[in-house]
Amino acid sequence: MPEEKEKEKEKEKEKDRGTLVVTGASRGIGAAIAKLAGEQGYSVAVNFSTGEDEARAVVKQIVSAGGRASAIQADVGQEEDVVRLFRAAEHELGPIKALVNNAAITGGFARVDEVKADALARVMAVNVSGAFLCAREAVRRMSTRHGGSGGAIVNISSRAAHTGSAGEWVHYAASKGAIDSFTIGLAREVATEGIRVNAVAPGLIETGLHAANGEPGRIERLMPSIPMQRAGLPQEVGEGVLWLLSPAASYITGAILRIGGGR
């Protein structure tokens, strides 16, 4: 019996992949990523800005399945919150080995000639500055230049960066275009420091995003534009993210993986 227990402990050590910070992980794609990561051996920092109950439910599911997780409130659009998020994640779960920059807002439906300055500023603060600041904190901990042992970052972009989302949310699309450029630039910057940086660009995914922006039937309206003739699932995006984080993608950096059913 003691030998069997020792073997089990060794298996658990092998499975332990370190701490993964997933921003905006209380629902939708972020929650799916967090749950999959927990299954695959990451200790997961489930970040949320609002939706504490949902975030704690995600943590409960991960822990119930034998994983480690902690819900940490932080608004990634605020620098002091980002710093606090990473300190808390490290303190509660251990050394940070990976980051998924998922937190984002659309800013609501609006033509460019209708966008308000404060809405635009908030979209850029969360979607762009938030990703930069979270990556900054991750790099400071993971880069061999700073005494770290390496790691991986996956940014959540969007097919909107390429379609432009005219008549709906060009401001959101523009923020995701910035994420694409950021992914390529950071990947090249830290390529010799043990860190890989990639992105996934989801298309139309079945989440509460569409209804939250006032059009629950948006997926059905845009379905004809999807070659596969269906919307994607949050877990399908999560699988792509976890693959990019894994050793299976060890020679991939600066890539933007489209997960959009051909759209």
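For a quick check: sort I219, I205 by the number of other beta carbons within 10 angstrom, fewest at the front. If you can, show how the numbers build up before the last one.
Details: I219 19, I205 23.
Going from least to most buried by this count: I219, I205.
Ignoring solvent entirely, what values of log10 I(q)/I(0) come out of the Debye formula for the range 135-200 at 0.13, 0.20, 0.23, 0.26 Å⁻¹ when each Cα is a single scatterer?
Reported log10 I(q)/I(0), two decimals: -0.41, -0.72, -0.85, -0.98.
Just need the relative contact order of the range 57-149 here, percent rounded to a whole number, with Cα pairs under 8 Å and 6+ apart.
Value for the range 57-149: 31 percent.
Pick from R111, R159, R27 the residue whose mean-square fluctuation is largest in a GNM of the chain, springs joining Cα atoms under 10 Å.
R111
Determine, for S26, S157, S143, the number of other Cβ atoms within 10 Å of each Cβ, and report the residues in order from fewest to most.
On the way: S26 25, S157 30, S143 19.
Neighbour counts put them in this order, fewest first: S143, S26, S157.
Fewest first, what order do Y42, Y251 take by the number of other Cβ atoms within 10 Å?
Y251, Y42
Would you kindly state how much longer the chain becomes between T163 and L233 on full extension, computed as 0.36 nm times their sequence separation minus their alpha carbon distance, in nm to one decimal? Write down the numbers at each step before the final one.
Numbers: separation 70, 0.36 × 70 = 25.20 nm, distance 2.00 nm.
Taking T163 through L233 to full extension adds about 23.2 nm, to one decimal.
Please report, in debye to the nearest 20, how large the charge dipole of the chain is about its Cα centre when each Lys and Arg carries +1 at its beta carbon and each Asp and Glu carries -1 there. Before the final figure, lay out each step's value.
On the way: 31 positive and 31 negative charges, 86 e Å.
Computed about the Cα centre, the dipole is about 420 debye.
Between (1) 67, 37, 35; (2) 56, 46, 34; (3) 50, 45, 42, which entry matches Cα extents along the principal axes in Å as derived from the coordinates of this structure?
Entry (1).
Before anything else, pin down the relative contact order of the chain: Cα pairs under 8 Å, at least 6 apart, normalised by residue count, whole percent.
Contact order relative to length: 17 percent.
Read the figures in this text as sums done on the coordinates, not as results from a lab. All values derive from a computational prediction rather than experimental measurement. Note: ideal-geometry Cβ built from the backbone for every residue, glycine included; neighbour counts use all protein chains shown.
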